[in-house]
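Report on the structure given below.
The values are calculated or read from the model by the stated rules, or taken from the named source; none is laboratory data. Quantities reported herein were computed from a predicted structural model and do not represent experimental measurements. Note that each Cβ is placed from the backbone with ideal geometry, even for glycine, and that neighbours are counted across all protein chains shown. Keep in mind that these areas ignore ligands, DNA and RNA; they rest on the heavy atoms of the full protein, side chains included. Shrake-Rupley method; radii C 1.70, N 1.55, O 1.52, S 1.80 Å.
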Amino acid sequence: MSSPTSCIRTLSSILSSVPSSVSSSSNPSFSLLHDPTISAEISSLLRHPDSGSGDNNLCRWLYDTFHSPDPELKLVVLRYVPIITGVYLTRIALRKSLAGFEAILLALYAHETTARDGQPVSVNVPDLSQPSIYHDPKGPAKNKATELNLAVISPTLEPHGTMRSSRRARIVGVALELYYTKISQMPVSSKIEFCEFCDIWAASQKTEEAKAKKERMIPLPWELLQPSLRILGHCLLGSHNSKELLEAASSANKSLYHRSLHDIDAKAILATGSLLRIEKMASDPKLNVDHTEIDMSNVLSL
Amino acid sequence: MASSAQKFITSSFFGLTLIVAFMAFLLKFKSSQKLFSAEELSLHNGTDESLPILLGILGSVFDVTKGKSHYGVGGGYHHFAGRDASRAFVSGNFTGDGLTDSLRGLSSTEVHSVVGWRDFYFKSYKFVGKLVGRYYDSQGNPTKYLKGAEAKAARGAQLMEKQKEMEAKQPSCSSRWSQDDGGEVWCDNGFPRLVQRPFEIALTGKMSRRCACYSEDQLGQPGLEVVYGFLQGSAQGRLNLPFIMAFGDHSISTIYDLGFLIEAWCTFFQDCRSFNPTPTKIRQCPMQCFDPIPTIQFSISVSLNQSHSIQTMADDDSPPQGRQFSANGTSIPTADVEAKLDKGNIQEAESSLRERLSLNSEEARTLLGRLEYQRGNVESALRVLDGIDLQSAIQGLQPSVMTNSYSNSNSNSSSLSSSSYDNAGANRDSQNQKAAKLVLEGVYLKAKSLQKLGKFTEAAKDCTSVLDAVGKIFPQGISDAQVESPLQETVSKAVELLPELLKLAGNYQEAMATYRRVLLNPWNLDNECFARIQKAFAVFLLHSGLEADPPSLGAQAEGAYVPKNNLEEAILLLLVIMQKIHQGVVQWDPSVMDHLMYALSLCSQTPVLSKQLEELKPGLFHRTERWNFLALCCSGAGQNKAALNILRKSLHINEKPNDLTALLLAAKICSEDPHLAAEGVGYAQRAVDNAKGVDEHLKGACLRMLGLCLGKQAKVSSSDFERSQLQNGSLKSLDSALSLEQDNPDIIFELGVHYAEQRNLNTALHFAKKYIDITGGSELKGWRLLALILSAQQRFAEAETVTDAALDETGKWEQGPLLRLKAKLKVSQLRPMEAIDTYRHLLALVQAQRKALGPMKTDSQVDDKVKEFEVWYGLATLYSSLSHWKDVEVCVQKAREMKQYSAELLHTEGKICCMHEERGEFQEALSSHINAGLLDPLFVPSKVRIGALLPKMGSIALPVARTVLSDALRIEPTNRKAWYHLGMVHKADGRLAEAVDCLQAASMLEDSDPVENFRSIL
């Protein structure tokens, strides 16, 4: 399982077929990550009603693949984080065995815990009275030490060997944080899947269709919502030009905005609301003048 | 070096050299003080390309060649070129008589404004001499007109200052304007009224009013007028924001200049009735908006699209209908050249152009390239531009400037030869700039063409070469003095375009590096352009998802703050832009605020956001919008009281009383405090009434809040009847909320607690189980509720099993409340030794927690933590039930170390005393309990004990006991002991029927008492 080739060999026993373009590729990990046939089939297997149990072959494969030393192969597993977390959270209330999904999520959590040495991730919010590389305050500099607001954006990670239900949101949230750190390498289809699940989790305005599918609101505590909103920000405003992703992200953000209004979650209202307004402004041609355009006046002079 | 200088001094030419240098100096001085005649000045109006463009104002003459695109032929300010049109700067009349230097009849503020314009030109352009005429005599000395104008301006300034001072005593109204909504004014404190301005007649020769805020008791003052009509009047005008419009001599300022705006509206209002929308004129807004010119220029074209009734200055010039080439004083239409290009005859087109406009090949190619680009023929543009050897042209530009700058840095022992070299160098510098501008524009045009063709990598390469070339030509960086504005324009555009191209090309790492290179090095960009790049970079850092290294430490000045990751860098940049907005250096851009809002809310730093919102000038947001944002910020930081205070303002009947978000937030905050609950009921009810249409989906949330507020209000209700009514209402609301949202875990939980408190234990059990199912057991409070309900049903063993299951699902640090519960369950099952074990376990956990968790821990469960005090107190209670008095005292002492004044402890002490009653400590016991009651008036157990102890003092104390016990029952209607003792009091007093009722209640409750109060979960 340590090499891409053996990894693909095992996968071929799980999927109906592995295209030769992948198995004979010069960069098999990359092909595995980006091949649309494979990802479509894996995605549909993960969405199968019986997926995610402890003895599920595909979960086993994802778990093993994530433990291979090849970082490229780890990316292949991360590509499915949206579906795994998405399906997992929507099935919690069904009281089914989800040990397969849980094993993968715990592996991601453990990976991140080791990578960070359990330390929290924090961000400084500077006080502009002190100079920075981007500005120099006018007037005499205050002598006192720079006052920084230290914001913890991801708290300390404790090791978790099992999925304790009260830590579930945190463990899934950390898996999403890990996904976010690699998001620039993720295929668009994976991000679209994430946006679609955000829509489902939020279940803000239930359509008849959603009711028929018995989709229900998933509790969205901040530890889950915060990494989701970062991913969503990327999907909406990151440098990509996929219209489909943009639409999916826009719809997901609208749903999450309605959901945060419903939950009266102040921080979430501020975050999703600002994305909503930015999106609206971005589509207004009056506000998006190209300042790099050359002079278009009728008199062409030197 | 030194030896050659020595040689110079000793040479026989030394004296001569000195004299010539001195003369050169004199000449130079003289030339900068040149006296112009009106005829001479008129030659410098931009039509002759070889002459600099000059402009006169109050007799001072300035070289405005660097603003050629505006002052030159076809530019928006061409009227000012080659003449002194001082009056037009304030009158806005740019035709015939209007273009005069006479200021006759202008008010002192207007004259002040003209002088202000002159200061602007001194700051921004080169002063080259004086115009002989009205303001300077033939000797170049100021005339009485100039002195008079300056004195009048000074008087105007003085009066304005005085007016400002007087008016500062009465705060101006806040105001805002939008094209869609028209204008409005308001007061944050007090009421808006129109009032006559004291010095206005002296200043402007006319009456005018302003809008100021008056408190209620000032409203009786004479001369105040209500503002309503004014608002409607102003909404009819068409005002485009970056301009002032002129109606006669009245002007309307920009939204950015708020003090002025109110004044402007008042003037506007007066003229509005007679306002005829056609003969309008626009002139540029006050100086601060004038610079940088390109931005304003651009805004004109936007406003033209928005509103047709307004003519811009550019229209006055009646621009040529078709495209034209213009160079060396000749203009020709582009039509026949276009025809040649359409046939693919580039050579022919070029030679035709060269011939007719006497251009060299590069010049002609650049013009052709621009033409093709403008016509959208980017491929053809590229073919044309490929004909210029740009790279070699750039190379040819470098060395001479290098030597030039070297010679400039020489010492001032400059000789004749050096001085003449300087002149030649300056000449060549200008030549070079002209050539450089042409070449760089060509390369930039190529980059833009490639961009249009989607060839981003190649485009980025060309763009990079523009900037590299600038770097080589100006090794010391570029500054205002060195670079002429057209060249600067190309440089600015290239700087802004390059990172965009790199992003489009997918070269993110390079884009990141370029952004930093651009922002950390001086490119002499104007403020708006710089802020745009900063914003684009911040957005890129926030959303690219790229793991980039933080900026290197080498780039920074000593002691400056260096962000250490993408998010930090983005927040820093956005804050820096916001600061520039606050300082008025750059224009307000709402998207900057939104990006900051996103970033800071993700970091849970909403107080920083509040600060930014508070610093914003009023009018940028609608006030209620701003209040609501502020309330969300406060609430996001847990400052609910502050949030509620703000919401009360925005929900005021005169503001936006039906804003659903604000109503819900206010109701939520109120639902958490029994004393605010009644107010919350009002908000929630309004929310329910307004949850219609697009907000229908919030109906469930609104009903839920109504239910919660009613339930909370019931808690403090003093009448039984009212309480039961409120409780019924609460239940009804929660039920309707549930029917709308059958899977909403919150509602299910709240109904569970509601039923549990009503001792409807079977229904409560159903909801508690459903809650655990639906949340997958992720919520601690669900487990606790279930265990407590089971304990109330006297199913202690099951309750303990539930608690154990919950412990399995819970991380170590969150186990405190469960362990406490477990210990109490052990006590109830009469297994005190196991209870003591559990308490020990809990104690170890609590103490470890205290040590291990630094201030960094921001866990959501933090508030749920069991305090060490509670453990000692629990142990004390346990020991006292075992009559281990020694241990009790140890525990009480430990507990007192944690919390010196505590009702609970006094209560326990009271109990200790009670056990020693025989030893005559009855009084002490009582006083302990009374003290406990004083410390915490809502502490029920002490009240019950007092009620139990008092009857022992004889029948005289019975009424007091009865009152105390009734009070206890008001706070906690389901307190079994209180009912029991009240029954005993009634019995002792001989009221047997009442006694029976009470005792019956006590016995019924005996079977439904949970080990901890249900309220402890919430």
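Tabulated results
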{"item": "Interchain or long-range residues, amide H under 5 Å from A:SER132's placed H", "result": "B:TYR561"}
{"item": "Separation between Cα centres of segment B:586-635 and segment A:72-134, rounded to whole Å", "result": "29 Å"}
{"item": "Around B:ALA643: net Lys/Arg minus Asp/Glu count, Cβ-Cβ under 12 Å", "result": "+3"}
{"item": "Proportion of all alpha-carbon pairs of segment B:943-1002 beyond 17 Å (%)", "result": "25 percent"}
{"item": "Estimated 222 nm signal from helices in chain A, with DSSP H stretches of n ≥ 4 weighted -39500 (n - 2.57), rounded to 500", "result": "-17500 deg cm²/dmol"}
{"item": "Buried solvent-accessible surface, both chains (A, B), 1.4 Å probe, Å² to nearest 100", "result": "8400 Å²"}
{"item": "Whole-number D in µm² s⁻¹ for segment A:46-111, Kirkwood Cα-pair radius fed into Stokes-Einstein, 10 °C, 1.306 mPa s", "result": "135 µm²/s"}
{"item": "A:SER12 versus B:ARG375: modelled label distance in nm, points set 7 Å from Cα along the beta carbon direction", "result": "5.9 nm"}
{"item": "Aspartates and glutamates with Cα under 16 Å of A:LYS286, excluding same-chain neighbours fewer than 8 positions away", "result": "B:ASP180, B:ASP589"}
{"item": "Mean separation of Cα contacts under 8 Å, 6 or more apart, over the residue count of segment A:229-296: relative contact order %", "result": "27 percent"}
{"item": "Distance (nanometres) between label positions extended 7 Å along Cα→Cβ at B:LYS343 and B:GLN893", "result": "11.4 nm"}
{"item": "Residues of segment B:673-709 with amide N under 18 Å of a point placed 7 Å along Cα→Cβ from B:SER719", "result": "B:678-679"}
{"item": "Neighbour-limited loop hits for trypsin sites (Lys or Arg not before Pro), segment B:945-1018 (at most 11 other Cβ within 10 Å; DSSP other than H, G, I, E, B)", "result": "none"}
{"item": "Reachable lysines from B:LYS641, criterion Cα separation under 16 angstrom, eight or more residues apart if same chain", "result": "B:LYS649, B:LYS668"}
{"item": "Proximal aspartates and glutamates to B:LYS692, defined as alpha-carbon separation beneath 15 angstrom and excluding residues fewer than eight positions away on the same chain", "result": "B:ASP659"}
{"item": "Cα pair distances exceeding 21 angstrom across segment B:677-812, given as percent", "result": "47 percent"}
{"item": "Coordinate range along principal axes, alpha carbons of chain A, Å, largest first", "result": "67, 56, 45"}
{"item": "Long-range HN-HN contacts of B:GLN794 with modeled amide H, under 5 Å", "result": "none"}
{"item": "Cα convex hull of segment B:37-89 - mean projected area over all directions, nm²", "result": "3.3 nm²"}
{"item": "A:MET296-B:GLU1006 pseudo-label distance in nm [points 7 Å out on the Cα-to-Cβ vector]", "result": "9.0 nm"}
{"item": "Tail beyond 22 Å, pair distance distribution of segment B:729-876 (Cα, percent)", "result": "45 percent"}
{"item": "Derived scalar couplings ³J(HN,Hα) [segment B:650-661; Karplus, 6.51 cos²θ - 1.76 cosθ + 1.60; whole Hz; x for Gly, Pro]", "result": "6, 8, 4, 4, 8, 9, 10, x, 10, 6, 5, 4"}
{"item": "Residue-level accessible surface for A:LYS96, protein heavy atoms, 1.4 Å, Å²", "result": "100 Å²"}
{"item": "Rounded to whole Hz, the Karplus (6.51, -1.76, 1.60) HN-Hα couplings of segment B:887-895, x for glycine and proline", "result": "4, 4, 5, 4, 5, 4, 5, 4, 4"}
{"item": "Largest-first ordering by accessible area, 1.4 Å probe, given options B:LYS668, B:LYS455, B:LYS130", "result": "B:LYS455, B:LYS668, B:LYS130"}
{"item": "Using θ = phi - 60° and Karplus 6.51 cos²θ - 1.76 cosθ + 1.60, couplings along segment A:286-295 (whole Hz; Gly, Pro as x)", "result": "4, 9, 10, 7, 7, 6, 8, 6, 7, 4"}
{"item": "Under 5 Å, built H, 5+ apart or other chain: amide partners of B:TYR214", "result": "B:PHE191, B:ARG193"}
{"item": "Cβ-defined net charge surrounding A:THR10, 12 Å radius [Lys, Arg +1; Asp, Glu -1]", "result": "+1"}
